[in-house]
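The values are calculated or read from the model by the stated rules, or taken from the named source; none is laboratory data. This structure is a prediction, so every number in the text was calculated from the model and none was measured. Note that we place each Cβ from the backbone using ideal geometry, even for glycine, and neighbour counts take in every protein chain shown.
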Amino acid sequence: MSPPCTGIIAPFFVPGWRPVRGVASPPGSFRLNPVLLSAQRLSFAALVALIRAMPNPRALRYLCLLMAASMRPFGASWRRLVQRNLRLVYGDTLPAPQQRAIARGVFEHSARGFAELFWLPQEHGMTVADWCDVEGLEHIDAALAAGKGVLLATAHIGGWTLLPRYLQERGQNTGSLLRLPSNPVASAGEAQACERMGLTFYNTPLSREHAHACLRLLRNNGVLFIVADRRSADVKVDFLGQPAWCATGTASLHLRTGAAIVPAYARREGDRHRLVFEPALQVAASGDRKADERAITAELHRIFGTWVRRHPEQWMWNHNRWRPRRSEMREHGNEHRQ
């Protein structure tokens, strides 16, 4: 999974939230005044304790609505980015009230995504299955029947962190790709949350040891969970009608191992979640590895785009998803000067 928390955890303890320059800084590279760091740890621990104290999903949702309302006055930069992305994708076709509703949804679903990392149903006499309705589980079973493992590909939409938790509870051998944030409080908090959930996770960029562990998981017919809609400079394909830089890791693993790619997403429905598993991806191989990676990545993002258009308020519009590469920005600047 790409980072579940860079866009989820950080806004809840903002003071000093400024990573070292560069993309995907490792956890130890975050520079912060020790006093602010201590304050963040205390506020983070208090918020997590409050979340864990919620007795049921309804109480948790009400707390998240309160958290979202408290975030909004400080979220001007988020709102501007959401509005810019909506204009890019929808042009002038989206009425202003709907734009505002989607912006409110970004705050609400970010708060809920944060809280769901730390609220364990098992601590309240429930299971993940009690919290969710499930569609298409037969597609996971069919993919596993081939014996080559499953790449469970999802997007940052709804309660996506529940997908691997549900499969693990069902008895599947699972692993998750994630990139821990550079903030040490956020990094430690997310790692501890995964440990409490009993999830096996591999921090990206992958070490040689973790890369071998992922391949071993697939060889043993396990399920590797990947959040695949995040910006990466691997290849440019269409996403929501706009060219976007995308990661080819899911496609590359499929071509290397033969593991089936099963798209899946989780949407929130009131206090509950609906987990939807779709048929395994079918893209004819051409024999040209680069072309095949591009075709698979394009098909995945076409599917992701259909989910986002159905439930736009549940996707992370606050991510600078269509930002060009630096080389493209330099070329654009040179063209302007000529």
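Here is how the numbers come out for the structure above:
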{"read-out": "Residues located in segment 241-259, provided they are within 20 Å of the chain's Cα centre (by Cα) and of a type in the set (A, V, I, L, M, F, W, C)", "value": "ALA244, TRP245, CYS246, ALA247, ALA251, LEU253"}
{"read-out": "Top-ranked residue in segment 96-126 [being aliphatic (A, V, I, L, M) and in a helix (DSSP H, G or I); ranked as surrounded by the most Cβ atoms within 10 Å (Cβ to Cβ)]", "value": "VAL106"}
{"read-out": "Close pairs (9 angstrom Cβ cut-off, 6 or more residues apart or separate chains): farther than 16 Å from PRO312 by Cα in segment 69-97, among the polar types (S, T, N, Q) and assigned to a helix (DSSP H, G or I) anywhere", "value": "MET71/SER110"}
{"read-out": "Qualifying positions in segment 218-235 - more than 23 Å from GLN282 (Cβ to Cβ) and not polar (S, T, N, Q)", "value": "ARG230, ARG231, ALA233"}
{"read-out": "Matching residues in segment 170-223 - criterion: being over 19 Å from the mean Cα position of the chain (by Cα) and of a type in the set (Asp, Glu)", "value": "GLU209"}
{"read-out": "Some residue of segment 271-285 being part of a helix (DSSP H, G or I) and among the basic types (Lys, Arg)", "value": "no"}
{"read-out": "Odd one out for ARG31, checked against (1) at pLDDT below 95; (2) among the charged types (D, E, K, R); (3) part of a helix (DSSP H, G or I)", "value": "(3)"}
{"read-out": "Verdict on ASP130 being surrounded by fewer than 17 Cβ atoms within 10 Å (Cβ to Cβ), free of Cβ contacts under 8 Å to residues at least 40 places away in the same chain and under 30 Å from ALA188 (Cβ atoms)", "value": "yes"}
{"read-out": "Scope segment 139-154; condition outside any helix (DSSP H, G or I) and either surrounded by fewer than 24 Cβ atoms within 10 Å (Cβ to Cβ) or polar (S, T, N, Q) (or both); matching residues", "value": "ALA146, GLY147, LYS148, THR154"}
{"read-out": "Options ALA146, ALA155, ALA142; residue that is closer than 22 Å to GLU190 by Cα, at pLDDT 95 or above and out of contact with any Ser or Thr (no Cβ under 8 Å at 6 or more places or on another chain)", "value": "ALA155"}
{"read-out": "Residue in segment 234-252 that is basic (Lys, Arg) and either in contact with a Cys (Cβ under 8 Å, 6 or more places away or on another chain) or modelled with pLDDT under 95 (or both) present", "value": "yes"}
{"read-out": "Members of segment 52-95 that are polar (S, T, N, Q) and part of a helix (DSSP H, G or I)", "value": "SER70, SER77, GLN83, ASN85"}
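Condition check ((1) under 30 Å from ARG267 (Cα atoms); (2) at pLDDT 95 or above; (3) among the aliphatic types (A, V, I, L, M)) across all residues:
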{"position": "GLN282", "(1), (2), (3)": "yes, no, no"}
{"position": "ALA291", "(1), (2), (3)": "no, yes, yes"}
{"position": "TRP322", "(1), (2), (3)": "yes, yes, no"}
{"position": "GLN338", "(1), (2), (3)": "no, no, no"}
